1. Determine, yes or no, whether residue 602 is surrounded by 19 or more Cβ atoms within 10 Å (Cβ to Cβ), without any contact (Cβ under 8 Å) to a residue 60 or more places away in the chain and over 37 Å from the mean Cα position of the chain (by Cα).
2. Kindly provide the set of residues from the range 190-207 that are among the charged types (D, E, K, R) and open to solvent by less than 80 Å² (accessible area, probe 1.4 Å), ordered by number.
3. Considering each of 376, 357, 372 in turn, give the residue that is modelled with pLDDT of 95 or more, closer than 15 Å to residue 433 by Cα, touching a helix residue (DSSP H, G or I) at 6+ places or on another chain (Cβ under 8 Å) and not β-branched (Val, Ile, Thr).
4. Give the residues of the range 209-247 that are more than 30 Å from the chain's Cα centre (by Cα), surrounded by 17 or more Cβ atoms within 10 Å (Cβ to Cβ), modelled with pLDDT of 90 or more and among the charged types (D, E, K, R), sorted by residue number.
5. Inspect the range 613-622 for any residue being under 13 Å from residue 566 (Cα atoms), touching a residue at least 24 places away in the same chain (Cβ under 8 Å) and open to solvent by 20 Å² or more (accessible area, probe 1.4 Å) and give the result as yes or no.
6. Condition first: surrounded by 22 or more Cβ atoms within 10 Å (Cβ to Cβ) and part of a loop (DSSP other than H, G, I, E, B). Can you find one or more residues in the range 665-673 that meet it?
7. Could you figure out which of (1) at pLDDT 95 or above; (2) surrounded by fewer than 18 Cβ atoms within 10 Å (Cβ to Cβ) isn't true of residue 580?
8. Would you tally the residues in the range 302-329 being closer than 16 Å to residue 231 by Cβ and either of a type in the set (A, V, I, L, M) or in contact with a strand residue (DSSP E or B) (Cβ under 9 Å, 6 or more places away or on another chain) (or both)?
Amino acid sequence: MYLQKMFSCSQLLARPNALQTFKRAASQGKMPLARAHGKSFAHRSDLRQAKRIVVKLGSAVVTRGDECGLALGRLASIVEQVAMLQNQGREMMIVTSGAVAFGKQRLRHEILLSQSVRQALHSGQNQLKDMSLPVLEARACAAAGQSGLMALYEAMFTQYSTCTAQILVTNLDFHNDQKRRNLKSTLHELLRMNIVPIINTNDAVVPPPEPNSDLQGVNVISIKDNDSLAARLAVEMRADLLIALSDVEGLYDSPPGSDDAKLLDTFYPGDQHSITYGTKSRVGIGGMEAKVKAALWALQGGTSVVIANGTHPKVTGHVITDIVEGKKVGTFFSEVKPAGPTVEQQTEMARSAGRTLASLEPEQRSDIICALADLLTERKDQILSANKKDMEHAVSTGRLSPAMLKRLSLSSSKLNSLSIGLRQIAVSSQDSVGRVLRRTRVANNLELEQITVPIGVLLVIFESRPDCLPQVSALAIASGNALLLKGGKEAANTNRILHELAQEALSIHGVKDAIQLVSTREEEEDLCRLEKMIDLIIPRGSSQLVRDIQRAAKGIPVLGHSEGICHVYVDHEASVDKAIKIIRDSKCDYPAACNAMETLLVHRELLRTPLFDQIIDMLRTEHVKIHAGPKFASYLTFSPSEVKSLRTEYGDLECCIEVVDSMQEAVDHIHKYGSSHTDVIVTENEDTAEQFLQQLDSACVFWNASSRFADGYRFGLGAEVGISTARIHARGPVGLEGLLTTKWVLRGEGHTAADFSEQGSMTYLHENLPVARVLPGRRTTS
């Protein structure tokens, strides 16, 4: 085994060094070039640029729960991540604990074995009496465990063709200038040769730490534990990032486990006064206070720091790579404090103001929406000027497709249409929140009501559609929901002015903060992790965006559809004029829309008929590219390009044509390849149409009408937050009703469940009563 390790290291040394590999990757756009050291990263997203990284493994991460031995599975996943980053061209260093625990396991085993042998010899039999273990001295454990710990690291890293080297240090090594220079020189040489240094304090000889000696001036930090060691090494080696893994999620504003404890996503120097420290971890000599002091010292030295949990079984396998990718994991230490509130603070502000919004009179919520509708036309020039900047920037960068550019663009007519739609919402909002759906007399003087209430805090993520902002804002106001908006950066200027107008309208009744626009560098995936703060996510954009959000939102419901694969089936009893009109509108009116036709199903009897020829001619005239389905292609001598997949959303002037033998086959095809969005039948046979409408389980099913009617505005909803293909809650175009849920209200006069027991004096009546409207301060029967 030793020869195999030596051979592996020799192979690595023969390869180009890490710096050359890194520069080559950077020149190809795969990795960032080394940055000038001196300032830490200001934002999490900048951590992707980190080249030299120190990973500190706390005792609680490396050791088992019984403190005797190592957590091998956890350690293996950490090694895999470090090796992967190393092989990407980054320079990785590990500061590790674990020698004492490993040695304690080894010494206990030796002592037990020795005692059992002596006892067996003394008693002449193998039955062992109770044996007590002596207290093991930590330095002896470290001496016994250090070699085994290093051998384990070597074996694990060898699996990834990565060589390691061991370095033991003490506090004295940093106080002696020559030793410090030698240490730095050694580390630099190891990194140059693509070797991962594994550093630990030499616990076999290190003196006990002096109390209150964490910090000794600006440029010196005493090495009393692995936190301070990692910080000192990170600064000495001018590392870009220090990742400190422990057994807590990060830094809390009060001891973890207390009722009001909140995990801090970002910690800034000067915030120490707002922190209350708890007890240290079950093992190790440090604690969270020591970690924070070490982190701030490293931050002051120009190294970014993240403190995170390295013991959680669900995240350990990717915690290091997630941090380097800039994801919201643990607590990030930053010297740059944002001017505005954090997204967590925005969410709390929105929820608080949203509760006030929900308690307003319906007329007051209606006033707010009407005010926003007026502002859209009154400030038209200001809005269009901001939109012009976004359009010019989008065109100059060339990153948006023509369809996306069309969605980004606003016009006077669009703003007028938006204003009209908002007024429709204002009217419908009069009877939304507080509507009684069911009223039951459970017993005498005991009444139960089910009433509509807001969902809570909505997160709407949208791309290239600034007109979405006032629509969704109006629906949130009408339904009494708080709203968090995350728009695409391509519409930043337009979104900013529209959000200002929404808040101006909300200010009429003192609920300005109910709608918040996230303008920080929050990634969508990070927002989706706020499961304790957000109640519903609504993505508005490409199918890829929706799929990404659905994957990222582990604990928050997502309302939407990932694809809009809409079908139009032309039956053999279809009207020529209706078929041509419906197909043209469904495909050509707005090809990028989610309710545009993507597959045209044609009854077999229509092939080689004038109707079929007219359909083909019309599609060619409209410059629609046709892809032939397998059955359609079999009927043609010279066919268009055969479709690669019957489950394709083109989002452009393209469509698939396929042949079916019957209405039933059309239904089966749609069930197999559709997305349950919107599907259409064109026929003059009422029985055939009714069977189609009943059998198909899509969110929208139409007879002799264009698929483009699947729209909240066309349905008379005023506007929509999106179209849902889900089977629960709202389905199809989701307007005001889809943003409401219910709660049960029971009014009694001292009733108890015991009153209705066998010994009780009351019986259940369960009488249905006329519904009543519940409004702030009054109740009226309708």
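1. Details: surrounded by 19 or more Cβ atoms within 10 Å (Cβ to Cβ): yes; without any contact (Cβ under 8 Å) to a residue 60 or more places away in the chain: yes; over 37 Å from the mean Cα position of the chain (by Cα): yes.
Criteria met by residue 602.
2. Within the range 190-207, 203 is the sole residue that qualifies.
3. When all the criteria are applied, what remains is 357.
4. 232
5. Residues of the range 613-622 under 13 Å from residue 566 (Cα atoms): none.
Checking the range 613-622: not a single residue is under 13 Å from residue 566 (Cα atoms), touching a residue at least 24 places away in the same chain (Cβ under 8 Å) and open to solvent by 20 Å² or more (accessible area, probe 1.4 Å).
6. Let us first name the residues in the range 665-673 that are surrounded by 22 or more Cβ atoms within 10 Å (Cβ to Cβ), namely 666-667, 670.
In the following step, the residues that additionally are part of a loop (DSSP other than H, G, I, E, B) were identified as none.
No, the range 665-673 contains no residue that is surrounded by 22 or more Cβ atoms within 10 Å (Cβ to Cβ) and part of a loop (DSSP other than H, G, I, E, B).
7. (2) is the only condition that residue 580 fails.
8. Here the count works out to 6.
The values are calculated or read from the model by the stated rules, or taken from the named source; none is laboratory data. It should be emphasised that the depicted structure is a prediction, and the values quoted were computed from it without experimental measurement. Cβ sites come from the backbone with ideal geometry, for glycine too, and all protein chains shown count toward neighbours. Surface areas here come from the heavy atoms of the whole protein model, side chains and all, with no ligands, DNA or RNA. Shrake-Rupley method; radii C 1.70, N 1.55, O 1.52, S 1.80 Å.
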